Amino acid sequence: MTKETTLDAEIRHGAGKSSVKKVISAGKIPSVIYGLGEDPINIALDKILVQKEINAGGFLTRIFSLNIEGKKNLAIPREVQFHPLSDQPIHIDFLRLAADSKITLDIPTRFINEETSPGLKRGGVLNVNRRTVQLSCPANNIPEEIIFDLDGLEIGDTIRISSATLPEGVVPLITDRDFTVASVAAPTVVKEPETTTEGEGEGEAESEGETPSEEGGDNKEASKEDEKSEGKPEEKS
């Protein structure tokens with residue numbers, strides 16, 4: 001389950017590009033929090049602390065407690081905008097949550113015990129159909145990842161969503177079928193084409209084209225004898 005992280009936020013007054021530039025130059029990230037039927041509030045967050053949380057991973061699936069003027073606001077990041085050159089965060093949208101709120105999130109999948117899968121040990125390949133799965137989660141019980149155990153799986157076995165143990169209250173958004181997440185496929189064998197070396201090809205051509213036949217040799221000798229006999233004068237009796 002994701003842990004709730006507390007961040008101090010201050011209300012951001014003013015609007016427009018000039019106001020945003022002042023916030024950024026002060027080492028803050030301009031942000032907004034909205035939802036639950038309340039008015040949106042423009043806020044500013046410490047850039048270093050936010051960058052640390054982003055680097056920790058799973059930022060968009062984590063719950064934050066935003067402390068705004070002493071009031072706790074439960075929220076989840078919905079969008080982060082980054083600078084196109086520096087790749088630094090420049091704006092964050094937060095969605096307010098109630099303790100019993102349900103939210104749909106793309107949760108990453110993870111596969112364990114590949115070394116104890118007989119199919120993979122025999123050269124099989126793990127084909128992952130879904131790197132993330134959409135889940136409907138309670139705000140207070142959001143999983144960081146969905147774990148699938150590959151122990152004992154053979155070539156041809158299929159890993160379905162039902163094989164994962166989900167936290168209480170967490171359900172897949174797809175409910176009409178037990179959909180496939182991954183499978184153990186047979187290895188792909190590529191057959192190399194047969195090649196003939198240059199030397200072998202030339203040797204065969206020479207042996208076929210240049211070897212004189214015995215019959216041809218006899219004919220040459222016979223023609224020489226005929227020429228000799230034709231040149232002699234006939235003897236008179």
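If I go through segment 138-148 residue by residue, how many of them are at pLDDT 95 or above and either more than 19 Å from the chain's Cα centre (by Cα) or open to solvent by less than 60 Å² (accessible area, probe 1.4 Å) (or both)?
Matching residues across segment 138-148 total 2.
Quick one: which residue in 54, 76, 24 is within 28 Å of residue 168 (Cα to Cα), open to solvent by less than 80 Å² (accessible area, probe 1.4 Å), in contact (Cβ under 8 Å) with a residue 24 or more places away in the chain and not in a strand (DSSP E or B)?
Just one listed residue meets the conditions, 54.
Go through (1) open to solvent by less than 60 Å² (accessible area, probe 1.4 Å); (2) modelled with pLDDT of 95 or more; (3) in contact with a Pro (Cβ under 9 Å, 6 or more places away or on another chain) one by one and return the number of the condition residue 118 breaks.
All conditions pass for residue 118, except number (3).
Does segment 1-21 hold any residues that are at pLDDT 90 or above, buried (at least 17 other Cβ atoms within 10 Å of the Cβ) and within 21 Å of residue 105 (Cα to Cα), and which are they?
None; the set is empty.
Could you figure out which of (1) touching a Lys or Arg at 6+ places or on another chain (Cβ under 8 Å); (2) closer than 30 Å to residue 34 by Cβ; (3) outside any strand (DSSP E or B) isn't true of residue 136?
That leaves (3) as the condition not met.
Looking at 67, 42, can you tell me which residue is touching a strand residue (DSSP E or B) at 6+ places or on another chain (Cβ under 9 Å), open to solvent by 40 Å² or more (accessible area, probe 1.4 Å), free of Cβ contacts under 8 Å to residues at least 60 places away in the same chain and among the polar types (S, T, N, Q)?
Matching residue, one of 67, 42: 42.
If the requirement is being touching a residue at least 24 places away in the same chain (Cβ under 8 Å), touching a helix residue (DSSP H, G or I) at 6+ places or on another chain (Cβ under 6 Å) and not polar (S, T, N, Q), which of these qualifies: 114, 145?
Just a single option satisfies the conditions, and that option is 114.
Looking at 49, 36, can you tell me which residue is among the aliphatic types (A, V, I, L, M), at positive phi and either open to solvent by 20 Å² or more (accessible area, probe 1.4 Å) or within 32 Å of the chain's Cα centre (by Cα) (or both)?
36
Which one is nearest to residue 32 (Cα to Cα) among residues in segment 79-104 that are more than 32 Å from the chain's Cα centre (by Cα) and open to solvent by 50 Å² or more (accessible area, probe 1.4 Å)?
99
The values are calculated or read from the model by the stated rules, or taken from the named source; none is laboratory data. Owing to the predicted nature of the structure, the values given are computational and were not obtained by experimental measurement. Methodologically, a virtual Cβ is constructed for each residue, glycine included, from the backbone with ideal geometry; neighbour enumeration extends over all protein chains shown. The accessibility values were calculated without ligands, DNA or RNA, using every heavy atom of the protein model including side chains. Shrake-Rupley method; radii C 1.70, N 1.55, O 1.52, S 1.80 Å.
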